[in-house]
1. Can you list residues from other chains, or at least 5 along the same chain, whose modelled amide H is less than 5 Å from the amide H of residue 133?
2. Can you find, among 16, 202, 122, the residue sitting farthest towards the positive end of the charge dipole of the chain, where Lys and Arg contribute +1 and Asp and Glu -1 at Cβ?
3. What does the C-alpha gyration tensor say about the overall shape of the stretch 100-152? Classify as rounded when a/c is under 1.5, otherwise prolate if a/b is larger than b/c, or oblate.
4. May I ask you to evaluate 6.51 cos²θ - 1.76 cosθ + 1.60, the Karplus curve with θ = phi - 60°, for each residue of the stretch 174-184 and list the ³J(HN,Hα) values in order in whole Hz, giving x for glycine and proline?
5. Which order do the peptides 108-117, 79-88 take when ranked by the mean count of other beta-carbon atoms within 10 Å per residue, highest first?
6. What is the percent carbon and sulfur in the accessible area of the chain, measuring with a 1.4 Å probe over the protein chains and ignoring ligands?
7. Just the number, please: Stokes-Einstein D of the stretch 72-193 in µm²/s, Kirkwood Rh from C-alpha pairs, 25 °C, 0.890 mPa s.
8. Take the alpha carbon gyration tensor of the chain, find the square roots of its eigenvalues, order them as a ≥ b ≥ c, and report rounded if a/c is under 1.5; if not, report prolate when a/b exceeds b/c, else oblate.
Amino acid sequence: MSEKLPMDSSGFLVLAEFIPQIVQEIRYYSTYNFVGERIDGYEEPVALLTKEAARALKAVSNEMIVKGYRLKIFDAYRPVCAVNQFKLWAIEDLDVRMKPYFYPEIEKQDLFKLGYIAARSSHSRGSTVDLTLLDMQSGKEVDMGSPFDLFSEKSHPDYRGITDEQYENRMLLQKAMVRNGFETLDCEWWHFTLKDEPYPDTYFEFPVSAAYLRNN
């Protein structure tokens with residue numbers, strides 16, 4: 001599949017149109033993220049995903065709805081230009097305005113070395129998603145013991161310095177994702193990549209935009 005052009009979005013879909021039950025909080029479209037500003041390439045607050053990953057995620061969504069949860073999506077497809085912005089940000093020594101919220105224990109220059117940010121992100125291949133669970137009864141996010149994009153040992157999926165309930169919540173999400181074909185990341189409980197992703201060697205550059213998908 002690597003012959004696909006980086007701007008070719010024909011293998012992708014708008015996730016909320018395919019799984020209407022999801023909730024979205026696309027952090028990199030907002031300014032509340034570890035950089036502190038909207039990220040390059042995020043033209044709309046929508047999640048885009050390859051059709052194969054979306055189908056697998058729909059199975060997860062159906063399973064979770066039966067158990068009383070909805071999926072809340074923070075990020076999915078991420079264009080290469082966004083990753084390039086992260087790399088430039090990481091070497092800018094003076095910009096640490098979001099450190100207290102997202103990387104209080106780590107120097108920003110170490111975020112790549114420790115694996116929290118990738119120089120070539122699986123998100124750019126289109127089959128990776130960052131998500132959590134939303135309790136349908138309370139309307140609140142399930143307590144996972146650390147928030148999305150907290151770059152800390154506390155966010156490692158197997159971290160046991162949290163309550164049993166918080167750990168069980170992580171495992172509830174993780175087991176459902178793995179059961180439906182996704183793989184985990186060892187330092188982020190919210191990050192999952194489709195094991196049999198359709199574009200394992202292609203890093204796409206088209207914008208995060210539902211309009212772009214409809215017009216191309």
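The values are calculated or read from the model by the stated rules, or taken from the named source; none is laboratory data. All values reported here derive from a predicted model rather than from experimental measurement. Positions of Cβ are backbone-derived with ideal geometry, glycine not excepted, and every protein chain shown enters the neighbour counts. Heavy atoms of the whole protein, side chains included, go into the accessibility calculation; ligands, DNA and RNA do not. Shrake-Rupley method; radii C 1.70, N 1.55, O 1.52, S 1.80 Å.
1. Under 5 Å from the amide H of residue 133: 72, 142.
2. Comparing the listed Cα positions along the dipole, 16 ranks first.
3. oblate
4. 4, 5, 5, 5, 5, 4, 9, x, 9, 10, 8
5. Result, highest mean Cβ count within 10 Å first: 79-88, 108-117.
6. 50 percent
7. Diffusion coefficient, whole number: 161 µm²/s.
8. oblate
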